[in-house]
Structure formats: C-alpha cells, structure tokens
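The values are calculated or read from the model by the stated rules, or taken from the named source; none is laboratory data. Since the structure is predicted, the reported quantities are computational estimates derived from the model, not experimental observations. Here the Cβ positions follow ideal geometry from the backbone for every residue, glycine too, while neighbour counts run over all protein chains shown. Please note that ligands, DNA and RNA were not included when accessible areas were found on the heavy atoms of the full protein model with its side chains. Shrake-Rupley method; radii C 1.70, N 1.55, O 1.52, S 1.80 Å.
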Amino acid sequence: MNGAESLVRTLVNHGVTQCFANPGTSEMHLVQAIDRVREFNTSLCLFEGVCTGAADGYGRMSGVPAVTLLHLGAGLGNGIANLHNCRRAGTPLINIIGDHAIHHAAYDAPLTSDVEAVAKPVSSWIRSSRTSNGVGLDAADATHAAMANHPDPNGNVATLIVPTDCAWGDGVERPQMRSFVERAKIDNQVIDTVAPQIDAYTVLLLDGNALTEDGLKTAGRIAAKTQCSLFTPTFPARVEAGPQLPSVNRLPYFPEHVLATLSSCSKLVLAGGDVPVSFFAYRDQPSSLVPEGCDVVHLAHRHEDVADALVHIAERINAEKFLAIDGDRPDLPQGRLGARSIAQALAALAPHDCIVSVDSGGGGAAYDVLRGCVRHSWLNLTGGSIGDGGPVAVGAALACPERTVFALLGDGGAMYTLQYLWTAARDNLNIKTVVFSNRQYNILEVEYLRMGVNQVGDRAAALFDLNEPALDWLALAKGQGVPGKKATTSEEFSVALECALASDGPYLIEAEI
C-alpha cells in the first residue's frame, strides 16, 4: 500500500466517501488509489470552482465532508471563490491538493507555488504531508478538523497538501480511533438569564442547527408562547421550510430595510445568528444594523448546539405548541413572466421534500412563496461570491439522490461555473435548473443607482449588460448533454417546468424575464 492508497482508505474509514475531482499530474497516484478503493465515489468536474461548490452542497445536505481533489496551487486558486462561500456556510470539507515531490520543490518548476498561502484565507486547518507513512494519519486529522466545531468565521474547511513522493512511498491505513466532537452545549446559567428576557418585542435570530426541522419547531413553540419574532440572517447556509413548520422570516439585504424590519425590536437574541451588519459600506448608512435602543442578548454561537439551547429555553417558559404553516398551493400563473410568476409556478408544481439551491438573480423571490406550501430544504449563496448555486445543486443531488433539486440562477452568476451542467449530465443528476435570463448584472445597476446617480451612462451600462451577444442558454446546455426549453410567458414556463419534472436527469429552463 502506498501513501495515496492509505489516504483514501483512511478517509473511507472515517465516513468520507465522496470526492469531486479535477486532478493533474501531481495527483496521479491518488487517482490510482481511487481506482483501487471502490467505496470511494468520485465525480469529475471540468472546473475547480465546480469541485469546491459541489463539495459545499454535499456537506450541507449530508453533514459529513466531501473531498475535493485539486492540482497544486493553481487548481486550488481556481476553486477559491466557492471555498469562500463554503467557509461562510460552515460546511465541513476536505481539500486534497497534490504538490511537487519534496526534493523537487527546490528546482522551482513552472507549477511551483506556495500552496499553503493560497489555502490560508479559506481554511481552518492546513497541513503539508512530510512522509508517506504519515499521510494516513494526516487524512484522519483532516477529517477531524473538518468535523470540529470552529467558531465563525473560521469555517470548517481542512486542506491537506500531499507531495507526490508522500503519495508514491509506502503508506499505512488508519482506522478511526476517536469520535468526532459533538457541538458544545449551552450552560444552564445562560439559559436562565436569556429565557425571561424573551417577549413580544424580541427578535430571535436563528442560525446553525436551529434551522433544522427540530430546531425550528422548538423556536416556533417559543414564539407562540412569547409572541417574539423569528428571523434568519439574510443568507443562512441551509433552512428547512414549508408546511407543518413555523413561519420564519429572513432579514432583508439592504441596510435600510434591515433597520426598518428591526425598528420595533427592543431585544435581539442571537440564537446562532450574528449581529447583523451591512453587506457593504454606504456613505449614508451604518455598518452595524442593530437599531438604537435595541439590546443584543447572546444565547449561542452557530457552531454550538443552538437547537438544544432552544429546547431548554422552551422548557423554562413552558412553551408547548407552535403555529404551523399550512398554506395551499397556488394556481399556475398567467401572463407576463417574472421572478414572482416563476416562484408561483414552482410553488404550484414542485414536489414536496425538494431541495432549492439559489445564487444571484431572481431565485430568492421563491422562498416566501414556497415556504407556504412546499416542504423543502433551501440552500443560500452564503459568502456573496456568485457562481455557487449550480455546483451546490450538484453536491446536494449526490448527497440526496432520491430528492428533486432545483438550481435557481441568475444568468450572470450561472456563467461563472456553467461546467456544472456537464457533471450533472455525466452523473445523471436530478437537477432542474432555472436561469433567470434578464441579460444583465442587474444587482450592479441597482447598486450603481444607489450611489445617487440619476442616469446610467452608456459606458457604465455596458459593464452591466449581457445582451451583445445574447447568451444562448439552450445551446450551452445542449452542448453539455442537458436538454431544455425556453419560456417567455408564464404559461410557457409552467409547461417547461412540467417537462423538466417529467424528465429523468438534469433539465434547464431559460426564463426570459
């Protein structure tokens, strides 16, 4: 057994069995090991940003890390944007990065780089293997690091760098010798302090495992008892939503809207959430979005056992029942096609227990409509680096093959990692993509006007425009093996969505809005 095979077998021994790969020459011994270890599943991705985003989606839905297999510092650098999103999501993930042999590094070959420096901004744990006999132990430590409870904003990305001589030398397989560390429980004294403060003027800001089904039901009991309001941050990593769960709102995006939403709040209880801040700085807006006169009360950090803390809060105040959402599905929309009518069609036709992955664009409008009538898991773009929604959908579909996955993407963001469609076709993944094709970076035009500009000049507008030439989404999808339809009206979109849901495998709808 060489070091590469010891690494792969050690990962399998620790419950890590999914890899998203874009290997190069320095990873060939690892590819050979993957060929030998049948329990280790791999998906080939044509761009490293798809690897990292897919591993993020897999980890969010499975709760265990996936592996990315990337080529040197250049390959890791190509995946960095979605590793940033993964870090912000707190998703467990293991990067395996091949590197030059230790003795070869001194020659400064063309692909030589400081891999650790590239990894540092997005990794909570980094190690470079130094011996082939130690690679298995390094893999075990990487898995434990990814599954540890790191405080925000460190994230749970572990990066293991494997020089080729450590891969080709003799290796030792490592069994799992110790259990993963459970989330920290909240001290009873904190519970006793926070519980009596929650009232009708309180906002309970939920994140982490408070947004699981059990966590939400407990928060709903607290809200029913105290009349407090339940909110999530603007972009939580994963939210369970739909009928038989309590209603939980999201904080808005723009700072003035957040301040308005919290204006009547006298206490902000952080139950996994952080103090809300403006996504960007504006000259006429504060960075901290806690209203004047509102007290911030800390209950639990996101990496702690927030759901358990909520259970103890509910027990302290004798909270018993919650008011569940129980809405009817809407009728199919008619007429002009837009973000709202697309959301309405999805709410009318989407199967229960689906997964929704969103990126930039109009897909976010579906949250409020879907949560009223369709049980689903909602996966957000967490770090603001667009191009995440499609790859996250790939990972979610592999983690949950029995569930339908929707990827709701803006046309600008979808172009960042369009190669995800090829992986979806190759693995026949049940992903239904909706591209909101308005042929522009719309959010940038909105932000430009927020500077106080009354009119967008021609040269500025050209930097937001995707219309010359117009993207042919059906051709782009077909070229990667994914069928699709184009919709320009609500009626056409509903027909296209029915075709997508009836198809076996991936399908793309271009929604011209």
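Computed values, structure above
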item: Restricting segment 432-465 to residues that are β-branched (Val, Ile, Thr) and within 26 Å of the chain's Cα centre (by Cα), the residue that is surrounded by the fewest Cβ atoms within 10 Å (Cβ to Cβ); result: Val446
item: Pick from segment 13-38, criterion in a loop (DSSP other than H, G, I, E, B) and either of a type in the set (Val, Ile, Thr) or at pLDDT below 95 (or both), ranking: farthest from Pro391 (Cα to Cα); result: Val37
item: Test result for Glu468, under 19 Å from Cys354 (Cβ atoms), open to solvent by 30 Å² or more (accessible area, probe 1.4 Å) and without any contact (Cβ under 8 Å) to a residue 12 or more places away in the chain; result: no
item: Test for Tyr507: is it within 26 Å of the chain's Cα centre (by Cα), closer than 30 Å to Arg283 by Cα and open to solvent by 10 Å² or more (accessible area, probe 1.4 Å); result: no
item: Top-ranked residue of segment 360-416 - restricted to ones that are in contact with a Gly (Cβ under 7 Å, 6 or more places away or on another chain), of a type in the set (Val, Ile, Thr) and in a helix (DSSP H, G or I), ranked as surrounded by the most Cβ atoms within 10 Å (Cβ to Cβ); result: Val392
item: Given (1) part of a loop (DSSP other than H, G, I, E, B); (2) closer than 28 Å to Val356 by Cα; (3) open to solvent by 20 Å² or more (accessible area, probe 1.4 Å), index of the condition Pro236 fails; result: (3)
item: Residue under evaluation Glu116, criteria (1) open to solvent by 50 Å² or more (accessible area, probe 1.4 Å); (2) touching a Leu at 6+ places or on another chain (Cβ under 6 Å); (3) not in a loop (DSSP other than H, G, I, E, B), criterion not met; result: (2)
item: Any pair with Cβ under 7 angstrom, 6 or more apart, that starts in segment 486-513 at a residue that is under 19 Å from Gly362 (Cβ atoms) and ends at one that is of a type in the set (Lys, Arg) and crowded, with 16+ Cβ neighbours inside 10 Å; result: Ala496/Lys485; Ala500/Lys432; Tyr507/Lys432; Ile509/Lys485; Glu510/Lys486; Glu512/Lys486
item: Given (1) open to solvent by less than 30 Å² (accessible area, probe 1.4 Å); (2) within 26 Å of the chain's Cα centre (by Cα); (3) on the phi < 0 side of the Ramachandran plot, index of the condition Gly242 fails; result: (3)
item: Residues satisfying the stated conditions in segment 251-296, i.e. β-branched (Val, Ile, Thr), within 20 Å of Ala219 (Cα to Cα), open to solvent by 20 Å² or more (accessible area, probe 1.4 Å) and in a strand (DSSP E or B); result: Val296
item: Search result, residues across segment 42-84 that are of a type in the set (Val, Ile, Thr) and either open to solvent by less than 10 Å² (accessible area, probe 1.4 Å) or in contact with a Phe, Trp or Tyr (Cβ under 6 Å, 6 or more places away or on another chain) (or both); result: Val50, Thr52, Val67, Thr68
item: Matching entry among Ser179, Ser123 (being open to solvent by 80 Å² or more (accessible area, probe 1.4 Å) and either within 30 Å of Ala89 (Cβ to Cβ) or modelled with pLDDT under 95 (or both)); result: Ser179
item: Flag for Val64 being of a type outside the set (Gly, Ala, Ser), touching a residue at least 60 places away in the same chain (Cβ under 8 Å), outside any strand (DSSP E or B) and more than 18 Å from Asp388 (Cα to Cα); result: yes
item: Some residue of segment 161-171 being surrounded by fewer than 17 Cβ atoms within 10 Å (Cβ to Cβ) and touching a residue at least 24 places away in the same chain (Cβ under 8 Å); result: yes
item: Any hit, segment 50-71, residues being within 26 Å of Phe180 (Cα to Cα), among the basic types (Lys, Arg) and within 19 Å of the chain's Cα centre (by Cα); result: yes
item: Verdict on Ile94 being more than 18 Å from Pro391 (Cβ to Cβ) and either modelled with pLDDT under 95 or assigned to a strand (DSSP E or B) (or both); result: no
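Residue-by-condition table, conditions (1) among the small types (Gly, Ala, Ser); (2) within 30 Å of Leu245 (Cβ to Cβ):
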site	(1), (2)
Asn133	no, no
Ala184	yes, yes
Tyr201	no, yes
Thr212	no, yes
Phe231	no, yes
